[in-house]
Amino acid sequence: MDFKKQLLDYFHLNENDLKEMSRPIEEIKLLDPNSIESMAKIKNRIFKAIENKEKIIVYGDYDCDGVSATTIMVKTFEKLGYPVSYYIPIRYSDGYGLNVNNVMRIKKAGFSLIITVDNGIAQDEAIKKANELNMDVIVVDHHEAPEVPVPAYAVIHPIVSHISDIYGSGGYMSLFLSAGLLGYYDDYLVTIAGMSVISDMMELKGYNRDVVRLAIANFKKHHYMPLIYLTDSPLISEKTFGLEIAPKINAIGRLVDDKNINLLVKYLTSENEDEIYKISCWIKNNNELRKTLTKEAVEALPQDEINDEGIVLNLDIKEGLLGLIANRLLNEKNVPVIIFTEDSVDKNFLKGSIRSKEGFNVQKAFESLEKYMVAGGGHAMAGGATIKKEDFANFKRDFIELCKAHKFTKEEPPSVEISLTDINYQNYEILREFSPFGVGNPEPVFSIRNLPTKSLQFISQGKHISTPISINTKLLGFNMSESEVKQHNFVDLFGNLGLSSFRDKLTLEFRISDFIAKD
């Protein structure tokens, strides 16, 4: 079957759908910001504050989306000629979102207008305190809104403001306010917003897809220094944001427990190359530290507490590493994992991060364990929980019982069956018409059936598959040992197609994610 037709069938699309999805960048028009509810009210309040020389502060969040949202607003005010203050909360002392203590500090510092970005929609108590202190709060957020609206001056939110039935990122909501204030969409700020959509794993459909496509195009055209300094490859795509830049920015929020976290906004708003280089080194060093600490923590795990049914551990580690370690153990042991550590604010509690796979639903598990939950939430495959220290043993016992009752289910993934000759640059260009890939538009899985194992070549003492197909295409599979694979005569390979660049040479790779023995 024709390669494009196979992809259309895989995604349940027709030619017209694809034509709309892959329309030229020049034809993409982002939403008129002035059509958003409350935009006129918000603009009037902000321009009044500028006219009256009021002190304005942008209050963000410590992840890539929150940093992106803050960057967009700070850069917008710079362009308006009215620099504002900003604050990225510290995970370990401030926690998530605007809080009463910081509202009081903000008031004491003489501010009269707070703009929360990537938070605020559920910070009822803090906003009430701001109102009592005669400060207005404009909320620009994308998290789930409570039934009773927060008493903010005004709100920009994908659902509350009727922008879309698809959630956008906090950075994207900030971009709408930016365009409303400036009267245009700035290319760099569009790129930062697109990065935030990818980093916060928003659904890549509709308006999210459009802003990410624009972000990739802008980045390729302008090669923005703060972003370039955090990339690992000259090839720019959605993966550049999701796998190269965002993890480095997130590493700072995971590790840094002082106000230096605000250097991230300084970095992304700077146009001074020396300053950008200096801060980029700090960011990358912290990211390497994050990798080292995660590796050391995994190596030091109490092996006697790790079983093949479910893993629940209480470790003395930084809270920001919990999810990384849980994810590492999930992939290694293939059972649900929840890692706790002592709450940095209240030592009577443990904060935990959980990771899972198909068959064990995190949300349903938390419902079953509700009697232990002080706080918690998440999605089907990941979440966070806070419990009392005294409940740890009972929580662990009941969690593992749930794991026993709800085993992971592994099924062969839906795939597009191809041959080795289909792995070529012409087909890769067709594949990219369906991009960007991510949540809601997953990268297609390809399968190569009944491949003789004797045709496979291995590297690194037989640890990894690396088999040339042609002069510039190859099969690549990490941690798939020769001894394991060649027990079988034939295998079905599953994987994705991707480009790599080494010394200016491009190679198209079939990146093997799994194999199934066929004999």
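The values are calculated or read from the model by the stated rules, or taken from the named source; none is laboratory data. Keep in mind that what you see is a predicted model, and the values were worked out from it rather than measured. Using ideal geometry, Cβ is built from the backbone for each residue, glycine included, and neighbour counts are taken over all protein chains shown. These area figures cover heavy atoms from the full protein model, side chains too; ligands, DNA and RNA do not enter into them. Shrake-Rupley method; radii C 1.70, N 1.55, O 1.52, S 1.80 Å.
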Scan region 301-320 and give yes if some residue there is open to solvent by less than 60 Å² (accessible area, probe 1.4 Å), within 21 Å of Phe395 (Cβ to Cβ), under 24 Å from the mean Cα position of the chain (by Cα) and in contact (Cβ under 8 Å) with a residue 24 or more places away in the chain, otherwise no. yes
May I ask you to say which residue of Ile228, Ile198 is touching a residue at least 12 places away in the same chain (Cβ under 8 Å) and among the hydrophobic types (A, V, I, L, M, F, W, C)? Ile198
Being in contact (Cβ under 8 Å) with a residue 24 or more places away in the chain, under 20 Å from Met195 (Cβ atoms) and open to solvent by 80 Å² or more (accessible area, probe 1.4 Å), is that true of even one residue in region 78-91? yes
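Would you confirm whether or not region 115-123 contains a residue that is touching a Gly at 6+ places or on another chain (Cβ under 6 Å), open to solvent by 50 Å² or more (accessible area, probe 1.4 Å) and closer than 26 Å to Leu263 by Cβ? Full working, then the answer.
Within region 115-123, the first condition is being touching a Gly at 6+ places or on another chain (Cβ under 6 Å), and the residues that meet it are 117-119, 123.
Next, from what is left, pick out any that are open to solvent by 50 Å² or more (accessible area, probe 1.4 Å): none.
Checked region 115-123: no residue is touching a Gly at 6+ places or on another chain (Cβ under 6 Å), open to solvent by 50 Å² or more (accessible area, probe 1.4 Å) and closer than 26 Å to Leu263 by Cβ.
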Being assigned to a helix (DSSP H, G or I), out of contact with any Leu (no Cβ under 6 Å at 6 or more places or on another chain) and closer than 14 Å to Pro158 by Cβ is the filter here; which residues of region 186-200 pass it? Ser196, Val197
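So which of Ser93, Ser85, Ser112 ends up being modelled with pLDDT of 95 or more, among the polar types (S, T, N, Q) and either within 28 Å of the chain's Cα centre (by Cα) or under 27 Å from Gly384 (Cα atoms) (or both)?
Values: Ser93 fails: modelled with pLDDT of 95 or more; Ser112 fails: either within 28 Å of the chain's Cα centre (by Cα) or under 27 Å from Gly384 (Cα atoms) (or both).
After ruling out the rest, the residue left standing is Ser85.
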Restricting attention to region 484-496, does a residue exist that is open to solvent by 30 Å² or more (accessible area, probe 1.4 Å) and either in contact (Cβ under 8 Å) with a residue 60 or more places away in the chain or under 17 Å from Asp422 (Cβ atoms) (or both)? yes
Quick test of your reading of the structure: Leu350 fulfils all but one of (1) in contact with a helix residue (DSSP H, G or I) (Cβ under 8 Å, 6 or more places away or on another chain); (2) among the hydrophobic types (A, V, I, L, M, F, W, C); (3) open to solvent by 60 Å² or more (accessible area, probe 1.4 Å). Name the failing condition by number. (3)
Within region 425-444, track down each residue that is open to solvent by 30 Å² or more (accessible area, probe 1.4 Å), in contact with a strand residue (DSSP E or B) (Cβ under 7 Å, 6 or more places away or on another chain) and outside any helix (DSSP H, G or I). Glu443
When residues of region 237-268 are limited to those that are out of contact with any strand residue (DSSP E or B) (no Cβ under 9 Å at 6 or more places or on another chain) and of a type in the set (Ser, Thr, Tyr), the one nearest to Phe437 (Cα to Cα): Thr240
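Can you confirm whether region 128-138 contains a residue that is β-branched (Val, Ile, Thr), over 20 Å from the mean Cα position of the chain (by Cα) and open to solvent by 10 Å² or more (accessible area, probe 1.4 Å)?
No, there is no match, as no residue in region 128-138 is β-branched (Val, Ile, Thr), over 20 Å from the mean Cα position of the chain (by Cα) and open to solvent by 10 Å² or more (accessible area, probe 1.4 Å).
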Within region 454-488, how many residues are closer than 24 Å to Gln426 by Cα and polar (S, T, N, Q)? 5
Taking region 34-61 as the region of interest, how many residues are open to solvent by less than 80 Å² (accessible area, probe 1.4 Å) and touching a strand residue (DSSP E or B) at 6+ places or on another chain (Cβ under 9 Å)? 15
Return the only residue of Ile469, Ile459, Ile423 being among the β-branched types (Val, Ile, Thr), in contact with a helix residue (DSSP H, G or I) (Cβ under 8 Å, 6 or more places away or on another chain) and farther than 20 Å from Asn331 by Cβ. Ile469
Could you list, ordered by first residue, the pairs with Cβ atoms under 9 Å in which the first is in region 1-22 and surrounded by fewer than 15 Cβ atoms within 10 Å (Cβ to Cβ) and the second is of a type in the set (Val, Ile, Thr), at least 6 apart or interchain? Asp9/Val416
Does at least one position in region 370-380 carry a residue that is assigned to a loop (DSSP other than H, G, I, E, B) and either open to solvent by less than 70 Å² (accessible area, probe 1.4 Å) or out of contact with any helix residue (DSSP H, G or I) (no Cβ under 8 Å at 6 or more places or on another chain) (or both)? yes
Quick check on my filter: what residues within region 201-227 are assigned to a loop (DSSP other than H, G, I, E, B) and open to solvent by less than 40 Å² (accessible area, probe 1.4 Å)? Met202, Leu204, Tyr224
